[in-house]
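Novice: The structure follows.
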Amino acid sequence: MSAQPRFEQAWISIEDYLAGELASDTKHQYLDGQVYAMSGASLNHERIAGNVFAELRNYLRDKPCEAFGSNVKMKTDRHVFYPDAMVVCDQNYTSEYYTEAPVLVVEVLSKSTRRLDETVKRRVYQSIPSLQEYVLIEQDIVDVEVCRRSEGWVSNHYFLGDDVPFESVGLILGVADIYARVDNEDMRTFIAEQALAQANAEANASQA
């Protein structure tokens, strides 16, 4: 979801922001004293975020770690964001409305959020001591970028046909599963190629 800044606004404390957010019908992100309203997400954005969250939630159902979707905040001392999905393994929550210790954070990229996700958020997330992986997923093309603390935060890219290891939680997801029902050119081509391969396999089987 995109963030729209409120220009000409006064600096606001993080405590006042958190109190105001509880009473607000609109979600806002907090960046070092400035509050940004968040707009709605596209269908593809929701499909990707929902696919990843559902897989994480089901996989972690009987495990110590817990998955959250985009309605739960991630807080530092100067920033508050709403990740599209995240995993928390520290169960000592200081609030019912946010966490400060995710091990995995997932953001779905769009034209309106790309700059924030790839600059400010990347820097803030990677400064969190508990975080092990930061995942950025394109919605207009098929590209899953995973940055791991264990590898010095270098970027690893995964494409259709690849499996994505979420090492922080021990889960492996196929890129095709992450993009299930997503409508973009890469997925349309992939689905057409799969259908053609299936038709050829059935034709060869009938001739055998």
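Every number here is computed from the coordinates shown, using simple stated rules; none is lab data. Everything quoted here is computed from the prediction, not taken from an experiment. In this analysis, Cβ positions are derived from the backbone assuming ideal geometry, glycine residues included, and neighbour counts consider all displayed protein chains.
Novice: Being aromatic (F, W, Y) and part of a strand (DSSP E or B) is the filter here, so list the residues in region 68-96 that pass it.
Specialist: Answer for region 68-96, where residues must be aromatic (F, W, Y) and part of a strand (DSSP E or B): F68, F81.
Novice: List pairs: first residue in region 84-102 and among the polar types (S, T, N, Q), second residue in a loop (DSSP other than H, G, I, E, B) and surrounded by fewer than 22 Cβ atoms within 10 Å (Cβ to Cβ) anywhere in the structure, Cβ distance under 7 angstrom, at least six positions apart or on different chains.
Specialist: Short answer, once both residue conditions are applied: T94/E100; T99/V72; T99/Y93.
Novice: Say whether the condition of being part of a helix (DSSP H, G or I), over 12 Å from Y98 (Cβ atoms) and among the basic types (K, R) is met by at least one residue in region 50-67.
Specialist: Within region 50-67 (the criterion being part of a helix (DSSP H, G or I), over 12 Å from Y98 (Cβ atoms) and among the basic types (K, R)), the answer is yes, since at least one residue qualifies.
Novice: Of everything in region 173-195 that's in contact with a strand residue (DSSP E or B) (Cβ under 7 Å, 6 or more places away or on another chain) and of a type in the set (A, V, I, L, M), which residue is surrounded by the most Cβ atoms within 10 Å (Cβ to Cβ)?
Specialist: By that ranking, first place goes to I178.
Novice: Restricting to region 16-45, give me the number of residues that are surrounded by 15 or more Cβ atoms within 10 Å (Cβ to Cβ) and part of a helix (DSSP H, G or I).
Specialist: Adding up the residues that qualify gives 5.
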